[in-house]
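Worksheet for the structure shown next.
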Amino acid sequence: MRETPQLKHIEQVSDGWIKKYILTYVLPDGSDYIYEAASRKGLEAYRAELARLEARSNTAIAAIDEGADDFGAAAVAAAEQAAGTSGKRTADAVSIVPITRDGNLVLIREFRYPLNSWVVGLPAGLVEPGEDLAVAVDRELREETGYGLRTDIPEGAVELLPQAGHSSTGMSDESVQTVFAQVEKDEAAHPEHGELYRGVHAAASRGTAISQAEPVAARAPVCSWCWRSSRETRSNRAFARRCALGERRPFRQPHATAPLTRSAARG
């Protein structure tokens, strides 16, 4: 196996909604290396997450070194199944790509306090402990935009990228699941206290202009470009396949045979 820095010690140095940690690593040359990181998780949960990611990475790299041609995916799946952890991991947050009936993309303009600025981005939010992803998607959409998941699509209104991604790997362990949602306007937005939003209804002809005019969240320009490209070639469903660069994996909303009501969406 390739030489990898080894985690030696974790020290929590501040508490709060976002917690700061000092990580001490031993580099391959034997020297210590100090790194600062942030997480929403408490110390033990953060320690367990780092151990999980280490095991997953080591398993994948070992399989690749042995000639696996699937980036170690099968080896990781087998290891997690043997450990009884397969399918139990949920992303910390969802980032939603909402597509309307007429093929437009729903973006939001949100005031972001760390930037002291309005920022154009995708609807997004944290997944509550034990919350179904489709319920989280519908809840965040309604809070931030007033849109909800469509209930008239037999195969489901939500599609996921093959796996969640980490949003800021140089600073945090936060994982975000990107979701493509077929949506329709259902009610007025009802954000929580301190959350300020202004809707942006992006048509294919002006999606790029929006991203050039003011600050944008990191995922918005990429998803907007993929969405514009798909509009010029195929249907909205092709948008998800182009961005995923992998197999299409439908994710059905719960109780798909019945309308998803506001009370059901809130869990």
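Okay, here's what the table says:
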| read-out | value |
| --- | --- |
| Any hit, region 73-87, residues being surrounded by 14 or more Cβ atoms within 10 Å (Cβ to Cβ), closer than 15 Å to residue 3 by Cα and without any contact (Cβ under 8 Å) to a residue 12 or more places away in the chain | no |
| Filter result (in contact with a helix residue (DSSP H, G or I) (Cβ under 9 Å, 6 or more places away or on another chain), of a type outside the set (Lys, Arg) and assigned to a loop (DSSP other than H, G, I, E, B)) within region 1-41 | 1, 4 |
| Qualifying residues in region 17-29 (those that are modelled with pLDDT under 95 and over 16 Å from residue 171 (Cα atoms)) - the one farthest from the chain's Cα centre (by Cα) | 29 |
| Count - residues of region 89-113 that are under 16 Å from the mean Cα position of the chain (by Cα) and either surrounded by fewer than 14 Cβ atoms within 10 Å (Cβ to Cβ) or more than 30 Å from residue 194 (Cβ to Cβ) (or both) | 1 |
| Close pairs (6 angstrom Cβ cut-off, 6 or more residues apart or separate chains): farther than 15 Å from residue 7 by Cβ in region 26-48, among the polar types (S, T, N, Q) anywhere | 38/172 |
| Complete set of residues in region 73-117 that are modelled with pLDDT of 90 or more, over 30 Å from residue 62 (Cα atoms) and among the small types (Gly, Ala, Ser) | 95, 117 |
| Residue list for region 117-164, restricted to those being in contact with a strand residue (DSSP E or B) (Cβ under 6 Å, 6 or more places away or on another chain), surrounded by fewer than 16 Cβ atoms within 10 Å (Cβ to Cβ) and closer than 30 Å to residue 74 by Cβ | 155 |
| Residue that is in a loop (DSSP other than H, G, I, E, B), out of contact with any strand residue (DSSP E or B) (no Cβ under 6 Å at 6 or more places or on another chain) and closer than 15 Å to residue 179 by Cα, where the choices are 85, 90 | 90 |
| Pairs with Cβ under 6 Å, 6+ apart, first in region 124-136 and under 21 Å from residue 195 (Cβ atoms), second crowded, with 16+ Cβ neighbours inside 10 Å and not hydrophobic (A, V, I, L, M, F, W, C) | 124/95; 125/140; 127/90 |
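Here is a yes/no grid of residues against (1) surrounded by 15 or more Cβ atoms within 10 Å (Cβ to Cβ); (2) modelled with pLDDT of 95 or more:
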residue: 11; (1), (2): no, yes
residue: 14; (1), (2): no, yes
residue: 35; (1), (2): no, yes
residue: 51; (1), (2): no, no
residue: 64; (1), (2): yes, no
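The values are calculated or read from the model by the stated rules, or taken from the named source; none is laboratory data. Keep in mind that this is a model prediction, so the values were computed, not measured. Positions of Cβ are backbone-derived with ideal geometry, glycine not excepted, and every protein chain shown enters the neighbour counts.
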